[in-house]
Structure formats: C-alpha cells, structure tokens
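J.: Structure below; questions to follow.
Readers should treat all values here as calculations from the given coordinates under stated rules, not as data from a laboratory. Computed from a predicted model, the values in this text were never measured in an experiment. Heads up, the Cβs are rebuilt from the backbone with ideal geometry, glycines too, and the neighbour counts pull from every protein chain shown.
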Amino acid sequence: MTMFKNLAKKAFPKALWVYHCNTGACNGCDIEILNILTPYYDVERFGIKLVASPRHADAMLISGAVTRPTLPLVKKAYDAIPDPKLVFGVGSCATGGGCWFDTYNVTGGAHKAIKVDYYIPGCPPRPEAILFGVALALGIVDKKAAPVEMKQMEFPIDMYESNKQWEERNVIYQLLDN
Amino acid sequence: MVLKPGVVTLKYPFEPMPAPATFRGSPTWDHHKCVGCGACSNHCSARCILVRDVCQELRVMLYDGSRCTYCGRCAEICPEDAITITTEFELATEDTNDVTERMELFMLTCQRCGRCYDMENSNVIERLDLRGYRYDSLETRALIRTTTDQLDQNMLKKTENYQRPTKKG
C-alpha cells in the first residue's frame with residue numbers, strides 16, 4: 001500500500017479530478033458529496049473538482065450498491081478513466097452492500113464490480129468522513145480504523161486445568177499396562 | 001458592503017473536528033456487560049451482527065461494519081446497555097476488515113446437563129436450530145439436511161402421496 005501511496009503522490013500532486021458515479025444510491029451520499037464542494041467544507045483547496053466525464057477524471061466516487069442494470073455501465077465508466085486511477089466507495093452501500101447486500105437485483109458492493117481502493121463507510125458518511133477518506137488517499141492523515149477483538153476469557157482457563165488435575169488424582173480404577 | 005470578510009471554511013483534515021454528541025457513529029461492544037443474548041443480531045437491519053456458537057461454552061459475536069447503516073437499533077434493544085454508539089466517523093480504510101469487531105463470550109453452562117440454557121424447543125426455528133439451521137447464517141442459508149446412510153424405502157413410499165405443484169394454464 002505504501003507503493004500505491006507513493007504512486008498517488010506522484011500522479012496526483014496538485015489536482016484530483018473526480019467523477020461521481022451513482023450506482024443506485026438513495027441520493028443521501030450524493031448530497032453529502034455535493035456538500036463537500038460548498039465553501040464550508042471546500043475540497044477545491046486540495047484541487048479536487050467534480051467533472052462530468054470519466055475521461056477527464058483521475059478518481060471515481062462510487063455511491064450506492066451496484067444494481068444489476070448499472071453493473072455494465074459502471075465497468076464501462078471505470079474503463080474510461082485513464083490510468084492511474086483511484087476508486088472511492090462512498091457509503092455503506094458501496095462498501096459492503098448496505099441493507100441490500102444479498103438482494104437478487106443488487107451485486108452487493110462496489111468491490112464486486114470493480115477494484116475499489118478506498119472505502120468510506122457511513123450511512124451517509126459525514127462530509128468530514130469523505131474529506132478524511134480523500135485526505136487518507138493523498139497521504140495527509142493516518143488511518144484510524146483497526147479491527148477490534150474482545151475476549152471475556154483467555155484460554156486455557158487455570159480453574160479448568162486445576163480441576164482436571166484433581167480429577168486425574170482421584171481415579172479409582174486405573175488401567176494398568178501389561 | 002462587507003467591512004470585515006471572514007473565513008468560513010473548516011480546516012478539517014489538519015484540525016480535529018469532532019461530531020456532535022447525538023451523532024450515530026460506529027457502535028462498540030462492552031464485553032464486560034454483554035450476556036450474549038443475540039438481540040442485537042436479531043434486530044440488525046443490515047444483518048451485520050452475526051452470532052456463532054463455536055462450542056457449548058464459547059459464543060463468538062461478529063460485527064461487519066462494512067454494511068452497517070448506523071441506525072442505532074442494536075444499542076436501543078440491548079437489555080444490558082452493552083452497546084454504545086460512539087461519535088467515531090473517521091472510518092475510511094483501504095481494507096474492509098478494519099471496520100470489523102469480534103467478541104468472544106464465555107457462556108456459563110449448567111453443572112448438571114452441561115448446556116447453556118434449558119433447551120425448550122418452543123418454536124419452529126429453535127427446533128430447526130438443533131438440526132444445524134442458523135437464522136443469521138449467510139454461508140448456509142438453508143437447513144443442513146441429515147441423510148440416512150442408505151436409501152430408506154419407507155421414507156420413499158411416504159413421498160408418493162405428496163402433493164406436487166401443478167402447472168396452471
């Protein structure tokens with residue numbers, strides 16, 4: 001991934017032009033994407049700008065679980081973006097399929113259609129969360145999310161081990177080797 | 001006329017910008033409080049909380065944050081208040097495994113029968129549970145059928161009277 005970051009730093013030093021691709025989203029994520037273009041959040045200070053055609057774009061923002069009718073179109077739009085390209089999956093639907101991950105007419109996440117480089121979970125993600133994802137791709141901030149693992153008890157349990165010894169001591173009949 | 005122009009733009013990625021306290025971010029479990037009832041799993045709208053019984057004494061709860069809709073239903077329904085909805089929203093990763101949580105629960109068992117609960121198989125799903133059916137199992141979405149070793153002629157004869165679906169029109 002560090003190699004990819006170096007490549008991203010070299011390839012996108014000044015301006016990242018973004019193509020926004022709605023693949024059957026509920027427009028929640030689309031509104032948040034438009035929100036980060038406003039002066040309050042203002043992604044244009046990073047040189048990020050929405051463009052209408054994938055041929056002009058460096059990166060692709062996908063929102064929505066990829067529905068079956070849009071699947072070939074998403075692949076087509078992805079192929080139209082010149083290399084090197086970045087793909088951001090915005091929202092829970094693009095990340096893992098959302099509530100529709102196993103529905104018959106939904107592919108279930110953008111990663112099933114194309115290769116997604118960065119996922120931004122949230123339903124919808126806050127505008128700050130999208131900014132954070134873009135800043136992560138540009139190498140401005142460090143990643144915060146990490147898998148969490150919790151355990152109520154560590155194995156082997158001492159109590160069980162001691163009980164086992166106690167049981168073994170009190171064997172009445174023992175099979176003797178001949 | 002603007003006498004004193006100001007700057008409205010946030011300095012967000014360079015300065016922290018915490019979300020308001022009412023914001024629903026990623027949920028977290030408290031493994032000291034959880035009793036492993038699985039209510040969160042039953043009420044999850046995206047079915048991203050899965051329950052796995054590894055053995056009689058060990059229950060593993062998995063949370064897949066990649067498809068979580070952050071509705072907060074799990075925290076609302078939890079009888080022990082073991083789930084808290086944090087205001088954490090900076091979840092962007094390149095790997096969806098980073099937003100997962102895994103919790104191993106140690107379930108106390110009955111000293112006499114060695115099981116967790118009195119298995120009163122009161123409803124159909126619980127009776128199917130014993131045969132290997134998992135309501136939330138995404139890998140095996142159907143009942144795992146136990147077959148006999150050899151073809152049972154009596155069982156085959158019983159199926160002769162079964163109503164077959166007929167084609168209409």
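J.: If you filter region B:31-84 for trypsin sites (Lys or Arg not before Pro), then keep DSSP loop positions with at most 15 other Cβ within 10 Å, what is left? List each step's numbers first, then the result.
T.: Working: sites: B:LYS33, B:ARG47, B:ARG52, B:ARG59, B:ARG67, B:ARG73; in loops: B:LYS33, B:ARG47.
Taking region B:31-84 and a limit of 15 other Cβ atoms within 10 Å, the loop trypsin sites (Lys or Arg not before Pro) found are B:LYS33.
J.: Partner chain Cβ atoms within 10 Å, averaged over the residues of A:129-136 - can you pull that number for me?
T.: Details: counts 7, 1, 6, 7, 5, 2, 5, 5.
Partner Cβ neighbours, averaged per residue: 5.
J.: Another question about this same structure. What is region A:75-162's relative contact order, in percent, from Cα pairs under 8 angstrom and six or more apart in sequence?
T.: Contact order relative to length: 23 percent.
J.: Here are some pairs, A:LYS76/B:LYS11; A:LYS75/A:LYS144; A:LYS49/B:LYS4; A:LYS49/A:LYS75; A:LYS115/B:LYS11; which of them have Cα atoms lying more than 25 Å apart in this structure?
T.: Details: A:LYS76/B:LYS11 36 Å; A:LYS75/A:LYS144 30 Å; A:LYS49/B:LYS4 29 Å; A:LYS49/A:LYS75 22 Å; A:LYS115/B:LYS11 31 Å.
From A:LYS76/B:LYS11; A:LYS75/A:LYS144; A:LYS49/B:LYS4; A:LYS49/A:LYS75; A:LYS115/B:LYS11, over 25 Å: A:LYS76/B:LYS11; A:LYS75/A:LYS144; A:LYS49/B:LYS4; A:LYS115/B:LYS11.
J.: Mind checking A:32-44 for the average number of partner chain beta-carbons within 10 Å of each residue's beta-carbon?
T.: On the way: counts 0, 0, 0, 0, 1, 0, 2, 4, 4, 5, 5, 1, 1.
Going residue by residue through A:32-44 and averaging, the value is 2.
J.: Let me ask you something else. If you count, for every residue in B:43-54, the Cβ atoms of partner chains within 10 Å of its Cβ, what is the mean? Provide the component values of the computation, followed by the final result.
T.: Working: counts 0, 1, 2, 9, 3, 6, 0, 0, 0, 0, 0, 0.
Whole-number average of other-chain Cβ neighbours for B:43-54 is 2.
J.: Return A:SER92, A:SER53 ranked ascending by Cβ neighbour count within 10 Å, so the fewest neighbours appear first.
T.: Exposure proxy ranking, most exposed first: A:SER53, A:SER92.
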